[in-house]
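Below: the structure, in structure tokens.
The values are calculated or read from the model by the stated rules, or taken from the named source; none is laboratory data. Note that the structure is predicted; figures quoted are calculated from it, not measured. As a convention, Cβ positions derive from the backbone with ideal geometry for all residues, glycine included, and neighbour counts pool all protein chains shown.
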Amino acid sequence: MSSKKPVRISVILSTYNSEKTLQRALDSIFSQEGINQDFEVEIIVIDDCSTDGTTEILRHNRIDYLTTNENSGGPNKGRNIGLSKATGEFICIMDHDDQWLPSRLKMQLSVSHLAPIITSGYTIFFQLKNKTIERTNHPLDDTGLILYEKNATFLQILSRSTQGQSRYIGSFMFHRSLKQHRFEEHFGKMDFDWGLRLFEGNCSVEICKSLYVRFVEDSNLSLNAGYRTIDFYYSLMTLDNYQEKYPKQVRLCKKQLHGSQARYFYLTGRMKRARYHFLRSGWNFKSVIYYLTTFAGANYVKERFTVFG
């Protein structure tokens, strides 16, 4: 009698100057419940030319790693290399400062028969403020799951909706049949278009429980000026591919993009730019207040309300 071979899960881990967090990430992989029994893990590490002790940690853990040969400015080139090398039936993408809960892979694998994409909730740990926020959806029944029909999450992403499935990339497990979808490498850190291609035409399932921790140094990463500019214009470029087939969602997405830009410029005091974008965003009570106070009263609003969040 032949024994059934364990399912292989490929974990793609891109690193760059991660000596302070890498061992924690690796340990959370090694300590997964059911590893080498219910499933086996293929760890594919791609280093983006680190200049600290990152590669020494990898060697200490006896992990062979690949390299981008020159710094690419983001994780996407490494992720693409990892996708090309992955041999697992399922694939996860990990950042070097993530920490997985021990039950993460076992729980996701247990529902992988329901859909080719499995996500979960997660916990954000703001290191400077020593504060945690759990991002999980409430299940509709006692299964602890939410099933999303074909294209449901794709349309949420396309319209830039904050509702629906938890879709932060660190929570994804997806079937190898979707590994052909690659990340952009020009900027090296945009994943809006990748998410659209991954979810289009597919159903998915969400485990309504936090299964990993994201460690961030600042609670307002969206205020990074360079990232905001790239995200805005790259998203607009991406929408051109969907304008004809999904005009309603594209229209909503453009309003959301302008609204986000407007609040960014509002918060940073560039009121002329803020008004430009507010006029192109969707109007509601808050946006009207923001627009009017770009002329006077913005400091009062910023002191008492959360403009981003």
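Out of ILE63, ILE81, ILE44, report the one residue that is in contact with a helix residue (DSSP H, G or I) (Cβ under 7 Å, 6 or more places away or on another chain), of a type in the set (Val, Ile, Thr) and in contact (Cβ under 8 Å) with a residue 24 or more places away in the chain. Spell out how you get there, then give the answer.
Numbers: ILE63 fails: in contact with a helix residue (DSSP H, G or I) (Cβ under 7 Å, 6 or more places away or on another chain); ILE81 fails: in contact with a helix residue (DSSP H, G or I) (Cβ under 7 Å, 6 or more places away or on another chain).
Step by step, each of ILE63, ILE81, ILE44 is checked, and only ILE44 is in contact with a helix residue (DSSP H, G or I) (Cβ under 7 Å, 6 or more places away or on another chain), of a type in the set (Val, Ile, Thr) and in contact (Cβ under 8 Å) with a residue 24 or more places away in the chain.
Restricting the search to helices (runs of 4 or more DSSP H) fully inside the stretch 218-309 and requiring at least 3 residues that are at pLDDT below 90 gives 225-239, 298-304.
Is it fair to say LEU196 is touching a residue at least 40 places away in the same chain (Cβ under 8 Å) and under 20 Å from MET94 (Cα atoms)?
Details: touching a residue at least 40 places away in the same chain (Cβ under 8 Å): yes; under 20 Å from MET94 (Cα atoms): yes.
Answer is yes for this residue.
Scanning the stretch 261-297 for residues that are over 15 Å from THR229 (Cα atoms), aliphatic (A, V, I, L, M) and without any contact (Cβ under 8 Å) to a residue 24 or more places away in the chain yields LEU279, VAL288, ILE289, LEU292, ALA296. Checking ILE43, ILE124 one by one, the residue that is surrounded by 15 or more Cβ atoms within 10 Å (Cβ to Cβ), in the same structural domain as PHE30 (by TED's automatic domain parsing) and modelled with pLDDT under 95 is ILE124 and no other. Scanning the stretch 77-115 for residues that are of a type in the set (Gly, Ala, Ser) and either in contact with a Pro (Cβ under 9 Å, 6 or more places away or on another chain) or farther than 14 Å from ARG8 by Cα (or both) yields GLY78, GLY82, SER84, SER103, ALA115. Screening the candidates PHE215, PHE187 for the property of being under 20 Å from ASP98 (Cα atoms) and either outside any helix (DSSP H, G or I) or of a type in the set (Asp, Glu) (or both) yields one hit, PHE215.
Mind checking which residues of the stretch 26-38 are under 24 Å from ASP97 (Cβ atoms) and of a type outside the set (D, E, K, R)? Before you say what the answer is, go through the steps one by one.
Pass one, the stretch 26-38, residues under 24 Å from ASP97 (Cβ atoms): 26-33, 35.
Across the stretch 26-38, the qualifying residues are LEU26, SER28, ILE29, PHE30, SER31, GLN32, ILE35.
Given the structure, is PHE187 aromatic (Phe, Trp, Tyr), in the same structural domain as GLY282 (by TED's automatic domain parsing) and either touching a Gly at 6+ places or on another chain (Cβ under 7 Å) or surrounded by fewer than 18 Cβ atoms within 10 Å (Cβ to Cβ) (or both)? Don't jump to the end; show me each part of the working.
Numbers: aromatic (Phe, Trp, Tyr): yes; in the same structural domain as GLY282 (by TED's automatic domain parsing): no; either touching a Gly at 6+ places or on another chain (Cβ under 7 Å) or surrounded by fewer than 18 Cβ atoms within 10 Å (Cβ to Cβ) (or both): yes.
In short, no.
Assessment of the stretch 1-18 against the conditions (of a type in the set (Lys, Arg), at pLDDT below 95 and surrounded by fewer than 21 Cβ atoms within 10 Å (Cβ to Cβ)) yields at least one matching residue.
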